[in-house]
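Below is one structure; the comments refer to it alone.
The values are calculated or read from the model by the stated rules, or taken from the named source; none is laboratory data. Owing to the predicted nature of the structure, the values given are computational and were not obtained by experimental measurement. In this analysis, Cβ positions are derived from the backbone assuming ideal geometry, glycine residues included, and neighbour counts consider all displayed protein chains. Just the protein is used for accessible areas: all its heavy atoms, side chains included, with ligands, DNA and RNA removed. Shrake-Rupley method; radii C 1.70, N 1.55, O 1.52, S 1.80 Å.
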Amino acid sequence: MARDKAGMLSCRALRKTYQTSRGPVDAVRGINLDVSAGDYLALIGRSGSGKSTLMAMFGGLSHPSAGSLLVDGADIWSLGENAMARFRNKRIGYIFQFASLLPSLRAIDNVVLPALLGRYDATADSYKRAARLLTELGLGSHFDAYPSEMSAGEQRRTVIARALINDPVLLLADEPTSDLDVETESEIMALLRNINRERGTTLILVTHNLALASEAAHVVHIADGTIIP
Ligand SMILES: Nc1ncnc2c1ncn2[C@@H]1O[C@H](COP(=O)(O)OP(=O)(O)O)[C@@H](O)[C@H]1O
Ligand SMILES: [Mg+2]
């Protein structure tokens, strides 16, 4: 598989049209974008501008209607189902607005789950890594806590630990703090910034908050499914 080390994500004329009962909806209308490895990019735009649709295509979750997309050198939408599932599990970390922790699992079991699904290493090693990540994220005393026993900020940090467990090359964060109070929001934003700086993980952050976007190395404005210069 060809891999351009400098380019983490590249898309050309990327489009997504949803077929709805009211007719077609052009959510993403021809996006060209290049994101280098290690970059921190913020996508900003009003609600309904197509940000989540774009992120879903980047993350291999929603099939583009047209255009080309390379993620870490891979033409992900041409991969077979299994290769695609492996790619998502191993290379991409997802941090979305609503913490989707499994309520019946302890924090550490939630974090370790993607590692066990991928079976990249022995279970004991995965648990060690999950413990280290939770500790790094300030949850050293919460390994055994169930999601319902944690605050919203603690739950979000657990989601971040889970996103990092397979050491992804790309972190996709879609409005990861919009449901949190201001203090918790800035705490989570600082964590994401540190992950980008210290681990070198490429970070694409979606927000509708200009102040948050301005913390990123690059900011791209999206309106009505296209990038506005
Ligand atoms: N699954 C879907 N089916 C039909 N239309 C959708 C779907 N998801 C999003 N849309 C529409 O696509 C447009 C972009 O939505 P979205 O990508 O969620 O924007 P944003 O994340 O910027 O708020 C909106 O008009 C929205 O109503
Ligand atoms: Mg959205």
Tell me the carbon and sulfur percent of the accessible area for the chain, rounded to whole percent, probe radius 1.4 Å. 51 percent
Cut-off 10 angstrom, C-alpha nodes, Gaussian network model of the chain. Which of Gly80, Gly153, Gly67 fluctuates the most? Gly80
Among Thr202, Thr135, Thr158, residue whose mean-square fluctuation peaks in a GNM of the chain (springs only between Cα atoms under 10 Å): Thr135
Report, in debye and to the nearest 20, how large the dipole of the chain comes out about its Cα centre when Lys and Arg carry +1 and Asp and Glu carry -1 on their Cβ. 680 debye
For the chain, with a Gaussian network of springs between Cα atoms less than 10 Å apart, report the residue from Val35, Val182, Val112 with the top mean-square fluctuation. Val182
Percent antiparallel among DSSP beta bridges with both residues in the chain, to the nearest 5? 50 percent
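If you count only protein heavy atoms with a 1.4 Å probe, what accessible area per residue comes out for segment 7-228, rounded to a whole Å²?
On the way: 10190 Å² over 222 residues.
Per residue, segment 7-228 has an accessible area of 46 Å².
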Contact order normalised by length for segment 1-98, with contacts defined as Cα pairs under 8 Å and 6 or more residues apart; what percent is it? 33 percent
Label 7 Å along Cα→Cβ of Leu116; segment 134-172 residues with amide nitrogen under 19 Å? 134-135, 142-149, 158-167
Residue separation between Arg22 and Ala83 times 0.36 nm, minus their alpha-carbon distance, gives in nm 18.5 nm
